[in-house]
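Each reported figure results from applying straightforward, stated rules to the coordinates on display, with no laboratory input. Just so you know, these numbers come straight off a predicted model, no measurement behind them. Here the Cβ positions follow ideal geometry from the backbone for every residue, glycine too, while neighbour counts run over all protein chains shown.
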Amino acid sequence: MILVLLGPPGVGKGTQGARISVHYDVPTISTGAMFRDAVNRGTELGRTLQRYHIDRGEYVPDEVVVAAVRERILQPDCKRGFLLDGFPRTAPQALALQEMLDHECLKLSGCLDFEAPLEMLIDRFAGRRVCPKDGSTYHLTTQPPKHPGLCDICGAELVIRPDDAPDVVRRRLEVYTEKTEPLISFYRERGLLYIVDASPEPETIFSQVISILSLVRRRLSDSRIGEEI
Ligand code: AMP
C-alpha cells in the first residue's frame, strides 16, 4: 500500500500517519521530519537545507525534495509500501512522484486528504509539542504525553517547534493554500482522493481512516494491482 497524506499543517497527518504505519506495518516517510533530522545531524542534505528557510515555513525547492524522497523510497523497508506525509506539496512534486512510481512499476493506492476548519488548526498548533530526538508529536490536551513534558518513546524533553510560532503558522497556511491545495484536484481527477474529516478527536479520525483504507484495499485487490498489505 502506497499512500499520500495530504492536508494543511496542524491537521494531524503526523499523528494519523504514525497510527496507520503501526497498523499496517509500513514506514511513514515524512519529508519535514527527514529535513529536521538532516539539519540536526549536519549531513550533506542538512547543509544544503540551511540555504532555505524551513523554520519560516518556506518550501524547499522541488529538486532537493524529490531527490531526498527518491533515495528514501528505494530503501528495503519500503518494499511492502509506505506512507508519504508532507510530500508531494507542489504540482511538480506530484508529477515527479508519479514518474518515480512508474519507474519502479509501482502504483499509488490513494491520497487521504485530511480536512479541518482553520480556527481548529490554529488552536492545535498552540498545544503542539514535539520530541527533538525521535520527532514524535503530542498535544497538551488531545494527546498528552504519559509524563508531562517528556517523550513517551525516548524520555527526551518535549519542545515547541520553531515553525509553530503564530506568525510562521500563518505563513505556512498561506503557502499550503497557494501551492499544495491544488493537489486535491490533481488526485481527485485521477480517482485517488479520499476525504477524511480531521475535526474530531484522533481516535474517531483513525476509525474513518481504517474504513477508508479497507475500501482502498478492496479496490486494489479487485483491480489485482495492489501489493500485499
Ligand atoms: P512539515 O513538518 O511537513 O510541516 O515540514 C516542515 C518544513 O519542511 C516545511 O515548512 C517546508 O519548509 C519543508 N518541507 C517539508 N516537506 C516539503 C516538501 N514536500 N516540499 C517543500 N518543502 C518541504
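So here's what we get for this one:
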| item | result |
| --- | --- |
| Computed over the chain: relative contact order in percent, which uses C-alpha pairs under 8 Å that are six or more apart | 30 |
| Distant-in-sequence amide H partners of PHE82 (H built 1.01 Å from N, under 5 Å) | ILE2, LEU3 |
| Reciprocal mean inverse distance between Cα atoms of the stretch 71-192 - Kirkwood radius, Å | 16.9 |
| Cα-based equivalent ellipsoid, the stretch 1-80: semi-axes from gyration tensor eigenvalues, Å | 23, 16, 11 |
| Distance histogram for the stretch 120-229 (every C-alpha pair counted, 5 angstrom bins, percent rounded to whole numbers) | 2, 10, 13, 14, 17, 16, 13, 9, 4, 1 |
| Tail weight of P(r) past 12 Å, computed on alpha-carbon pairs of the stretch 63-112, percent | 65 |
| Distance between modelled label sites at ARG41 and ALA126, nm, 7 Å Cα→Cβ extension | 3.7 |
| Value of Rg/Rh across the stretch 111-182 [Cα atoms, Kirkwood radius] | 1.02 |
| Pairwise centroid distance, computed over Cα atoms, of the stretch 151-229 with the stretch 62-106, Å | 16 |
| Packing rank of 185-193, 90-98, where each peptide gets the mean count of other beta carbons within 10 Å, highest leading | 90-98, 185-193 |
| Förster-model FRET efficiency, 35 Å R0, ILE210 and LEU150, C-beta, rounded to 0.05 | 0.75 |
| Interchain or long-range residues, amide H under 5 Å from ILE195's placed H | ASP113 |
| Ranked list, fewest to most other Cβ atoms within 10 Å of each Cβ, for MET100, MET34 | MET100, MET34 |
| Per-residue Cβ neighbour rank within 10 angstrom, fewest leading, CYS105, CYS151 | CYS105, CYS151 |
| Separation in nanometres of the label points that stand 7 Å from Cα toward Cβ, at LEU140 and GLU201 | 1.9 |
| Whole-number Å³ per residue for the convex hull built on Cα positions in the chain | 119 |
